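The values are calculated or read from the model by the stated rules, or taken from the named source; none is laboratory data. Nothing here was measured: the structure is a model prediction, and the numbers come from that model. Cβ coordinates were reconstructed from backbone atoms using ideal geometry, including for glycine residues, and neighbour counts include every protein chain displayed. Protein only, heavy atoms only, side chains kept; ligands, DNA and RNA dropped before computing areas. Shrake-Rupley method; radii C 1.70, N 1.55, O 1.52, S 1.80 Å.
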Amino acid sequence: MENCIFCKIANGEIPSTKLYEDDDMVIIKDLNPQAKVHLLLIPKQHYANIMEMSDLQAATLARCVKKLSELADGFGLENGFRLVSNKGEHGCQSVQHLHIHILGGEQLADKMG
Ligand code: 5GP
Ligand code: ZN
């Protein structure tokens, strides 16, 4: 997808701090962290959000989340973390390529929204 910042990050056109990469995804540090640890899980395939996700992409995303469960402790998230995926205007999604925020490394607020 042309002019998609996360496609460019995933294929290395735009530099980022990549903590993990495989055929399905990259996990990078968020540019503007909102927690002590703030990472982004970005599937390599472009789709805007879960409403546009194919069955195959859903299976890939499940594989990515499973892999994250194996990696989390190594990212300093051994005491827990929060996964967030913003969608659309009310969700304040700013990049139209599906991504999951991974937040932790400290005690997070007990309320969301
Ligand atoms: P959204 O608002 O779409 O849920 O999340 C987009 C996230 O991407 C934001 O947290 C923002 O800080 C992050 N972001 C935007 N541009 C870049 C970039 O070029 N590099 C990195 N590492 N993060 C970015
Ligand atoms: Zn994209």
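The set of residues from segment 6-39 being outside any loop (DSSP other than H, G, I, E, B), within 11 Å of ligand 1 (Cβ to nearest atom) and open to solvent by 80 Å² or more (accessible area, probe 1.4 Å) comprises just one member, Lys29.
In contact (Cβ under 8 Å) with a residue 40 or more places away in the chain and open to solvent by 30 Å² or more (accessible area, probe 1.4 Å): is that true of Ile100 in this structure? I'd like the intermediate steps shown before the answer.
Numbers: in contact (Cβ under 8 Å) with a residue 40 or more places away in the chain: yes; open to solvent by 30 Å² or more (accessible area, probe 1.4 Å): no.
Against the criterion (in contact (Cβ under 8 Å) with a residue 40 or more places away in the chain and open to solvent by 30 Å² or more (accessible area, probe 1.4 Å)), Ile100 does not qualify.
When segment 1-53 is filtered for residues that are basic (Lys, Arg) and away from ligand 2 (no atom under 13 Å from the Cβ), the ones remaining, listed by number, are Lys18, Lys29, Lys36. Filtering segment 40-62 to residues that are crowded, with 18+ Cβ neighbours inside 10 Å and aliphatic (A, V, I, L, M) leaves Leu40, Leu41, Ile42, Leu61. Residues in segment 59-103 that are at positive phi and touching a Gly at 6+ places or on another chain (Cβ under 9 Å): Gly76, Gly80.
Applying the set (1) of a type outside the set (A, V, I, L, M, F, W, C); (2) farther than 15 Å from Ile5 by Cα; (3) open to solvent by less than 30 Å² (accessible area, probe 1.4 Å) to Glu70 leaves exactly one unmet item: (3). Among the conditions (1) farther than 13 Å from His101 by Cα; (2) under 13 Å from the mean Cα position of the chain (by Cα); (3) free of Cβ contacts under 8 Å to residues at least 40 places away in the same chain, the only one that Ala59 does not satisfy is (2). For first residues located in segment 1-20 and free of Cβ contacts under 8 Å to residues at least 60 places away in the same chain, partners that are within 13 Å of ligand 2 (Cβ to nearest atom) and part of a helix (DSSP H, G or I) and lie 6+ apart or on another chain with Cβ distances below 6 Å form the pairs Ile14/Lys8; Ser16/Ile9. Selection within segment 55-87: residues that are part of a loop (DSSP other than H, G, I, E, B) and within 16 Å of ligand 2 (Cβ to nearest atom). The member of this set that is nearest to Leu39 (Cα to Cα) is Ser85.
Looking at Ser85, Ser54, just one residue is among the small types (Gly, Ala, Ser) and closer than 17 Å to Gly104 by Cβ, and that residue is Ser85.
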